[in-house]
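Worksheet: the structure to be examined is printed underneath.
The values are calculated or read from the model by the stated rules, or taken from the named source; none is laboratory data. Quick caveat, the model's predicted, so the values are computed rather than measured. Cβ placement follows ideal geometry from the backbone for every residue including glycine, while neighbour counts extend to all protein chains displayed. Areas reflect the complete protein model, heavy atoms only, side chains present, ligands, DNA and RNA absent. Shrake-Rupley method; radii C 1.70, N 1.55, O 1.52, S 1.80 Å.
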Amino acid sequence: GCPAALPFALGQSTAESSPNAGAYTSYTFNLARPDGNQYLSHLKTVLPAGLVGAIPSVPLCGEPQAASGSCAASSKIGTATASVGSGSDPYPFTGPVFLTGPYGGSPYGLSIPINAAAGPFTLGTVLTRVAINVDPHTGRVIADSALPTIFKGIPLRLKSLSVAINRPNFLFNPTNCGPLTTDTSLTSTFGAGQSVATPFVVGKCNALAFKPMFKVSTIAKTTK
């Protein structure tokens, strides 16, 4: 009764704590894989233009701490939750999200260690690394990660994934009230691809301050 080709159609959703333009906010990214779909192995998410974090306010986790998932609490910017299994009651696992220095050729990264303990079974820490880049043309933040699919010989059957960036006074909303999106490219363990987009809208742009300044100076001679 199996189909000729397994589908690969994951669902994406996002949520933010503040709808106001320019305001500090939290941002939650969610993925869900229906039963009978191919498993996820890689994702590349492009955040809405203008949704950025105050990087200098966070002490970056360096190596080798980032590679072992042993970052200091001061580098934590959020929480990740992954549910594994099938059916209506998959098993949830939760871990911190740390902001790191350069990773994978990108200027920043994330280190997400999750303790793989289910009842009496403890496999240790499953670590996911994420490269964080900024598009030089659009300024949009790009998160790129190869997800672990097997750990100590045990397949990781990811059912859902949620990453909440909720550090106070870190992430702030765009100042553009036009239509924006979170755009994600997904790749399955069999090489299938999927592109998904979720709308992102903020309001009250008319309440933003508007006090531009302009100055000009020169050290050249002012004569012809």
Computed over the chain, protein heavy atoms only, probe 1.4 angstrom, the accessible area per residue in square angstrom equals 56 Å²
Listed by chain and number, the lysines with an alpha carbon less than 23 angstrom from that of K76, same-chain partners under 8 positions apart left out, are K44
Filtered hits (aspartates and glutamates, Cα-Cα < 19 Å from K224, offset >= 8 within chain) -> none
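Tell me whether the stretch 4-81 comes out rounded, prolate or oblate; compute the Cα gyration tensor, take square roots of the eigenvalues as a ≥ b ≥ c, and use a/c under 1.5 as the rounded threshold.
oblate
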Carbon and sulfur atoms account, in whole percent of the 1.4 Å probe accessible area of the chain, for 61 percent
Comparing P168, P120, P19 in a Gaussian network model of the chain (Cα, 10 Å), the one with the largest mean-square fluctuation is P120
Between the modelled labels at S57 and N115 (7 Å from Cα along Cα→Cβ) the distance in nm is 2.9 nm
Inter-part gap, Cα centre of the stretch 28-86 to Cα centre of the stretch 95-128, in whole angstrom, is 8 Å
With every protein chain in place, the accessible area of S160 for a 1.4 Å probe, in Å² rounded to the nearest 10, comes to 40 Å²
One quarter of the C-alpha convex hull surface, i.e. the mean projected area of the chain in nm², amounts to 18.5 nm²
